[in-house]
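One structure follows; several queries about it will come next.
The values are calculated or read from the model by the stated rules, or taken from the named source; none is laboratory data. Small disclaimer: the values here were computed from a predicted structure and weren't measured. Cβ coordinates were reconstructed from backbone atoms using ideal geometry, including for glycine residues, and neighbour counts include every protein chain displayed.
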Ligand SMILES: NC(=O)c1ccc[n+]([C@@H]2O[C@H](COP(=O)([O-])OP(=O)(O)OC[C@H]3O[C@@H](n4cnc5c(N)ncnc54)[C@H](OP(=O)(O)O)[C@@H]3O)[C@@H](O)[C@H]2O)c1
């Protein structure tokens, strides 16, 4: 397949798996970015020979520049450098896989260049969904979801009239602590929270899966991607992670997408859409999988899901405050500064202090993000 891509966040879990897809399909990789992992990006540069690579820190970028000086890759730095990679003229598809709100500005940059966006960075739509979708339609950029649930919905909508949709059902594994009460969760350790039963992912999204904030962020992401009201988005616990999500139509039909829990499948589809290509990835064998089971989410044990739904209902900048408080609380938990159950408490208190701006611009969103981080930190 002839396709030219760039990857924002190439050293992360999604970035590395995207390079595996690129290797398989023989894609041209023209741009790579990372925050600070220059050892890994150096190896990626040597293998893929992109035109540009960008590192956030100027000193690390200078070090990387020396290491790869004969590779033909120009090393850039800072947000400006990442934005250059996001907006390269020669690129067809930009894979947006930076973690957190740090992915928002470069993704918007790619959207404004009318690129195809393979979107993994859910925080882009959580924090600025209205602006991002308006800009995509104004600039002719197409956003194809990478998140397995949204990819499943995207595929279950294909060939159907969206006016016939009754609801969408996002499935959730329930994470490592499914079945425990809120009181039992007070004692869980970082090591236990980092062990996801079905998926291997970056540390932030792994903790989000354990608190179920990940599903909450996905509800907000789905609201913007598919233009559906919150009342039409449902969550169902499905511990086996085989049905990735489903769409229920008004005539009673339910269309679902199934597959092995392997992120390379939705990553590949987002890049090759609407075509499909053979690959060597594991095939789903339902006889081996056995029973598929379903449960209601437990909102008392996992308040983060409830908080995300409340932030979506409140609208405006409330999801920005939710996301920033969550990023800060997760970072404090990863550094063993707070307990697991302090995460929802810090988020709820931060949201309680926030005065919603109902029609924010990007600068307002960045200001609220900073404000909510400061508040969340002060609550720890
Ligand atoms: N992992 C999954 O299976 C999965 C599934 C669905 C959706 N997603 C979404 O995809 C996104 C990426 O997830 P991930 O698990 O791949 O994360 P990850 O493994 O933590 O990787 C994050 C990437 O972003 C870079 N980065 C971190 N902070 C940055 C900053 N301030 N500025 C610029 N770059 C920065 C990292 O660079 P360094 O390596 O140098 O730190 C790395 O390349 C998240 O939004 C997540 O919710 C992930």
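Do we find a residue being within 13 Å of residue 150 (Cβ to Cβ), within 19 Å of the chain's Cα centre (by Cα) and either within 12 Å of the ligand (Cβ to nearest atom) or in a helix (DSSP H, G or I) (or both) anywhere in the range 193-213?
Among the residues of the range 193-213, not one is within 13 Å of residue 150 (Cβ to Cβ), within 19 Å of the chain's Cα centre (by Cα) and either within 12 Å of the ligand (Cβ to nearest atom) or in a helix (DSSP H, G or I) (or both), which makes the answer no.
For residue 328, only one of the following conditions fails: (1) over 20 Å from the mean Cα position of the chain (by Cα); (2) more than 19 Å from residue 215 (Cβ to Cβ). What is its number?
(1)
So residue 364 ticks every box in (1) in a helix (DSSP H, G or I); (2) in contact (Cβ under 8 Å) with a residue 40 or more places away in the chain; (3) touching a helix residue (DSSP H, G or I) at 6+ places or on another chain (Cβ under 7 Å) but one. Which box is left unticked?
Status for residue 364: all satisfied but (3).
Within the range 138-149, is even one residue part of a helix (DSSP H, G or I), surrounded by fewer than 20 Cβ atoms within 10 Å (Cβ to Cβ) and touching a strand residue (DSSP E or B) at 6+ places or on another chain (Cβ under 8 Å)?
no
Could you go through the range 252-260 and let me know if any residue there is in a helix (DSSP H, G or I), assigned by TED's automatic domain parsing to the domain that holds residue 161 and in contact with a helix residue (DSSP H, G or I) (Cβ under 7 Å, 6 or more places away or on another chain).
no
Restricting to strands (runs of 3 or more DSSP E) lying wholly in the range 1-95: which have 1 or more residues that are away from the ligand (no atom under 15 Å from the Cβ) and either modelled with pLDDT of 95 or more or within 24 Å of residue 281 (Cα to Cα) (or both)?
Once the strands (runs of 3 or more DSSP E) in the range 1-95 are filtered for at least 1 residues that are away from the ligand (no atom under 15 Å from the Cβ) and either modelled with pLDDT of 95 or more or within 24 Å of residue 281 (Cα to Cα) (or both), what remains is 4-8, 28-34, 74-77.
Determine whether the range 157-166 contains at least one residue that is surrounded by 14 or more Cβ atoms within 10 Å (Cβ to Cβ), modelled with pLDDT of 95 or more and either in the same structural domain as residue 15 (by TED's automatic domain parsing) or within 25 Å of residue 95 (Cβ to Cβ) (or both).
Yes, there is a match, as at least one residue in the range 157-166 is surrounded by 14 or more Cβ atoms within 10 Å (Cβ to Cβ), modelled with pLDDT of 95 or more and either in the same structural domain as residue 15 (by TED's automatic domain parsing) or within 25 Å of residue 95 (Cβ to Cβ) (or both).
Report the residue count in the range 299-339 for those that are farther than 20 Å from residue 127 by Cβ and in contact (Cβ under 8 Å) with a residue 12 or more places away in the chain.
Total satisfying the criteria: 10.
If you scan the range 340-359, which residues turn out to be assigned to a loop (DSSP other than H, G, I, E, B) and more than 22 Å from the chain's Cα centre (by Cα)?
Residues satisfying the conditions are 341, 354, 355, 356, 357, 358, 359.
Could I ask something else about it? Any idea which of 105, 169, 131, 117 is within 30 Å of residue 11 (Cβ to Cβ), away from the ligand (no atom under 13 Å from the Cβ) and outside the structural domain of residue 359 (by TED's automatic domain parsing)?
131
Report yes if residue 319 is closer than 30 Å to residue 362 by Cβ, crowded, with 24+ Cβ neighbours inside 10 Å and either outside the structural domain of residue 379 (by TED's automatic domain parsing) or in contact with a helix residue (DSSP H, G or I) (Cβ under 9 Å, 6 or more places away or on another chain) (or both), otherwise no.
The answer is yes for residue 319.
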